[in-house]
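Take this structure, written in structure tokens, and hold onto it; I'll ask about it next.
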């Protein structure tokens, strides 16, 4: 259930039905090659959360379109906010979600650059000693092999061959890749241009690889290695059935996580113990 679609009098029942679980989708606005929309990460976070919450009831908060983007401002459509503003928005958003009665907040992240930000944020919630808990979950592009194991009945033999070839050839995947293109193709096909998937190079040029060899991290690495803001090897054959299988797998996975949070009690018990120790 979408938060914004609830009437005021419906919140009490929504909290009870969701067992206090609210999903907070988050992405960003950035270039995804020339074949995908700049809102890709936020779109898939919003749509997959909505679909998963239909499968396993939870309330879905309006999507956060901001994200950790402090580089790649040379591309049109990219939106960058300061780290402090992003952190403050997350903090106050979760406070408001909890004030409305949802004490388990699951941040559903679909942008790789958000990992560190979200990790820091969830730790900060402990520092504040709040009466609510924040969890996080991420969508990953490495899922074709798992989809083949499931074998959805709407896939044709040709679809299966395409996906098996993808796995066997170890096609690189990551950002705006074959799989992520499938994410958006399953929910917003009108925004995808499959004919432009090979317009730009999505393979790493290795420019910053030596830093990794020495165990040195740098925020420049990804941007420099993938100057087209596209990380993936070109692979043809994506269609609506393969895209649907990718979507079904990801939303089933999220629905399972929602169900787990709704039914588990370990975190509730330990949270109470932990809060009492802090006093």
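On full extension of the chain, what length is gained from residue 218 through residue 126, given 0.36 nm per residue of separation minus the C-alpha to C-alpha distance?
30.4 nm
Restricting to DSSP H runs of at least four residues, report the calculated mean residue ellipticity at 222 nm for the chain, -39500 (n - 2.57) per run over all residues, nearest 500 deg cm²/dmol.
The per-residue figure over the chain is -14500 deg cm²/dmol.
Another question about this same structure. Taking other Cβ within 10 Å of each residue's Cβ, how do 192, 184 sort, fewest first?
192, 184
What's log10 of I(q)/I(0) for the range 103-197 at q = 0.22 Å⁻¹, Debye sum over Cα points only, no solvent?
-1.16
Rounded to the nearest 0.05, what FRET efficiency do residue 161 and residue 13 have when you use their Cβ-Cβ distance and R0 = 45 Å?
0.40
Could you grab the relative contact order for the chain? Cα pairs under 8 Å, six or more apart, rounded to a whole percent.
Over the chain, the number comes to 23 percent.
Still on this structure, I have one more. How much space per residue, in cubic angstrom, does the convex hull of the C-alpha atoms of the range 72-144 take up?
Measuring per residue, one finds 123 Å³ for the Cα hull of the range 72-144.
Report the extension gain between residue 2 and residue 196 in nm, rounded to one decimal, defined as 0.36 nm multiplied by the number of residues separating them, less their alpha carbon distance.
Between residue 2 and residue 196, full extension yields 66.5 nm more.
I'm a student and want to see the number: the projected area of the Cα convex hull of the range 231-279, averaged over all directions, in nm².
Averaged projected area of the range 231-279's Cα convex hull equals 6.3 nm².
Please compute, over every Cα-Cα pair in the range 1-65, the percentage with a separation greater than 16 angstrom.
49 percent
So, one more: Any idea what Rg and Dmax come out to for the range 191-278 if you just take the C-alpha atoms, in Å?
Both quantities, over Cα of the range 191-278: 21.4, 59 Å.
Here's something else I'd like to know. So what is Rg over Rh here for the chain, counting just Cα atoms and using Kirkwood for Rh?
Over the Cα atoms of the chain, Rg/Rh equals 0.99.
I've got another one for you. Under a crude label model (7 Å from the Cα following the beta-carbon direction), how far is residue 168 from residue 137 in nanometres?
About 3.4 nm separates the two model spin labels.
Determine the gain in length on full extension of the stretch residue 96-residue 278; use 0.36 nm per residue of separation and subtract their C-alpha separation, reporting nm with one decimal.
Residue separation times 0.36 nm, minus the Cα-Cα distance, leaves 63.2 nm.
Regarding the range 34-156, what is the average projected area of its C-alpha convex hull, in nm²?
9.8 nm²
Translational diffusion coefficient of the range 125-279 at 20 °C, 1.002 mPa s, Stokes-Einstein with Kirkwood Rh over Cα pairs, in µm²/s as a whole number.
115 µm²/s
Read-outs throughout are calculated quantities, based only on the coordinates presented, and are distinct from any laboratory measurement. Nothing here was measured: the structure is a model prediction, and the numbers come from that model. FYI the Cβ positions are ideal-geometry reconstructions off the backbone, even for glycines, and counts take in every protein chain you see.
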